[in-house]
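Following: one structure in structure tokens, then a few remarks.
The values are calculated or read from the model by the stated rules, or taken from the named source; none is laboratory data. Small disclaimer: the values here were computed from a predicted structure and weren't measured. Cβ placement follows ideal geometry from the backbone for every residue including glycine, while neighbour counts extend to all protein chains displayed. For the accessible areas, the whole protein counts, side chains as well, though only heavy atoms, and no ligand, DNA or RNA atoms are used. Shrake-Rupley method; radii C 1.70, N 1.55, O 1.52, S 1.80 Å.
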Amino acid sequence: MTVPETFVIRGALRGDAEPLGVLDRATWSPLHAVLPPPSEPYEPFFDDRHRPEDFLVAERAGVLLGYVRVVPPTPLASNAHVRQIQGLAVAGEARGQGVGRALLRAALAKARADGARRVTLRVLGHNAPARALYEAEGFTVEGVLPGEFLFDGEPVDDVLMGRPLS
């Protein structure tokens, strides 16, 4: 049995834009995506709303295995104690190796270091693997928007989850 090499979690760098874009397109799935599949010409991965400092990446031997985006959910001072996970992706070849869990835990640590007291996220109701990971890491369902999205005419729930950082 081959043991996978270890990986590191680090902050994203501006130079990660192209490999992150490739990873993002490769991991697109109707299981988690609310937007249609990406098509050329591709939008830049980083822009004014998606900055490198908002992302943590998992890397092994110079290859990006996944990313997580963790940001304040609003610009309001009354909401500044909250961080929201707005994207978590793991390359197909890295799934089942703890990359997603490590990225999620690193996002929680980053949120704590930023002074946050809680973390929230949204996940599609039919995304059982992601929901199981979030629940295993202490997230609970705090609300459901029934039928918030329609995929091929079928309603899909938007599940709101959160957890304290204490």
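Roughly what would the spin-label model give for Arg105 and Glu93, points 7 Å off Cα along C-beta, in nm?
2.4 nm
Could you provide, to the nearest whole Å², the per residue accessible area of the range 1-76 with probe 1.4 Å?
65 Å²
With a ≥ b ≥ c taken as the square roots of the eigenvalues of the C-alpha gyration tensor of the range 1-81, please select rounded if a/c is under 1.5 and otherwise prolate if a/b is larger than b/c or oblate if it is not?
Oblate, since a/c reaches 1.5 and b/c is not below a/b.
Hey, any idea what % of the range 1-128's accessible area is carbon plus sulfur with a 1.4 Å probe?
Solvent-exposed carbon and sulfur of the range 1-128 make up 55 percent of the total.
Once fully extended, how much extra length lies between Ser39 and Phe151, figured as 0.36 nm per residue of separation less the alpha-carbon to alpha-carbon distance?
38.5 nm
For a quick size check, give me the Cα extents of the chain along its three principal axes, largest first, whole Å.
Projected onto the principal axes, the Cα atoms of the chain cover 41, 40, 40 Å.
Mind grabbing the accessible area of Phe55 for me, 1.4 Å probe, Å², rounded to tens?
Counting only protein heavy atoms, Phe55 exposes about 10 Å² to solvent.
Roughly how many whole Å is it from the C-alpha centroid of the range 1-50 to that of the range 77-147?
Centre-to-centre distance over Cα atoms comes out at 16 Å.
For the range 51-61, take each phi angle, set θ = phi - 60°, evaluate the Karplus expression 6.51 cos²θ - 1.76 cosθ + 1.60, and give the result in whole Hz per residue in order, putting x for glycine and proline.
9, x, 5, 7, 10, 10, 10, 9, 9, 9, 6
Mind checking the dipole of the range 44-100: about its Cα centre, +1 per Lys or Arg Cβ, -1 per Asp or Glu Cβ, Debye to the nearest 20?
Result for the range 44-100 is approximately 160 debye, rounded to the nearest 20.
Roughly how big is the range 1-137's charge dipole about its Cα centre, with Cβ charges of +1 (Lys, Arg) and -1 (Asp, Glu), in debye to the nearest 20?
My answer is approximately 600 debye.
Taking R0 as 35 Å, what's the FRET efficiency between Leu13 and Leu133 from their Cβ-Cβ distance, rounded to 0.05?
E(calc), rounded to 0.05, equals 0.85.
HN-Hα J couplings of the range 7-18 from phi, Karplus 6.51/-1.76/1.60, θ = phi - 60°, integer Hz, Gly and Pro as x?
The phi angles translate into 9, 10, 10, 8, x, 5, 10, 3, x, 7, 3, 5 Hz.
So for the chain, averaging the separation of alpha carbon pairs under 8 Å that are six or more residues apart and normalising by length, what relative contact order in percent results?
19 percent
What do you get for GluC sites (Glu not before Pro) in the range 1-68 restricted to DSSP loop and a cutoff of at most 10 other Cβ within 10 Å of the site's Cβ?
Glu5
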